[in-house]
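Just below is one structure, and these are the notes that go with it.
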Amino acid sequence: MIIIDDKLVSDDVLEKQFICNLKACKGACCWEGDYGAPLEEEEKETLDRIYEDIKPFLSPLGVKVIEEKGKYVYYEGKDANEWGTSLVDGSACAFMTLENGAAKCGIEAAYNAGVTDFKKPISCHLYPIRVSSNKKTGFEALNYDKWDICSAACALGEQEEVAVYEFLKEPIIRKYGEDFYEQMEGAAAYLEQEKGK
C-alpha cells in the first residue's frame, strides 16, 4: 500500500493492468452482483435533481422500477452498508439500458447528449477501483476489485501495457484532482524502480 494525500492506495491499482473490453463482457458489471452502484450522499441529491431530464434515456422497465422503489435504496449485507442505485429484479441497475446487446448507462447517455452535467456515479466511473471509507476517521482506501467477469479487460490491459490507474485517469482526476493523479504516477514509477533492483 502507498499513502497519497492521506488515502491508502493498493499496489494493485498501480501495478495491475486493465482496459475495459465492452465487446467481450457486454457491460456485465451493470447487471451482475447483489447491490446497485454505490452512491455518495451528494449523488443522491443529484439523481433527484436530474431525474426528469435523464428519464427519456432510461429503459421503460428501469423507469418503472425507479418510480416504484426509488432512484436509490440502502443496501445492508456482508459486503455493503451504503446507498446504491435501485435494481431491476435484484440484478441489473435501473439506470442501465441495452444497445446492440451491451449494457450502457442511461445517465451517461444523457450526459453525452448534453442534457446533464453529471456523467454517472463516481463508483461506476472509477470501476475496477473500489473506494472504501471510514466515516468516523475520514480514512479512504482505493483497492483494485478483481472480478472474473473482467478477465478480458485484464488481458487487454496486459496486451496494451496499461495500468489500472492509467485507464482510470479521467475519473481519478474527477474525484481527487490532477495533483493526486500525478502522485499516483510517481508512486507507480517508484514501485517499478524497486522491482527492478
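The values are calculated or read from the model by the stated rules, or taken from the named source; none is laboratory data. This is a predicted model, so every value here is computed, not measured. Cβ: placed from backbone, ideal geometry, glycine included. Neighbour counts: every protein chain shown.
Points worth noting:
- Of the residues in region 33-44, none is among the hydrophobic types (A, V, I, L, M, F, W, C), in contact with a Leu (Cβ under 8 Å, 6 or more places away or on another chain) and farther than 25 Å from G114 by Cβ.
- Scope region 11-59; condition more than 24 Å from W83 (Cβ to Cβ) and polar (S, T, N, Q); matching residues: Q17, N21
- Restricting E42, E32 to those that are surrounded by 13 or more Cβ atoms within 10 Å (Cβ to Cβ) and acidic (D, E) reduces the list to E32.
- Taken as a whole, the condition of being surrounded by 19 or more Cβ atoms within 10 Å (Cβ to Cβ), touching a strand residue (DSSP E or B) at 6+ places or on another chain (Cβ under 8 Å) and in contact (Cβ under 8 Å) with a residue 60 or more places away in the chain does not apply to F57.
- Where strands (runs of 3 or more DSSP E) sit wholly within region 93-197, those with at least 3 residues that are in contact with a Ser or Thr (Cβ under 6 Å, 6 or more places away or on another chain) and either in contact (Cβ under 8 Å) with a residue 12 or more places away in the chain or not assigned by TED's automatic domain parsing to the domain that holds Y75 (or both) occupy 139-144.
- Note on region 106-122: residues that are under 17 Å from S86 (Cβ atoms) and either modelled with pLDDT under 95 or among the β-branched types (V, I, T) (or both) amount to 1.
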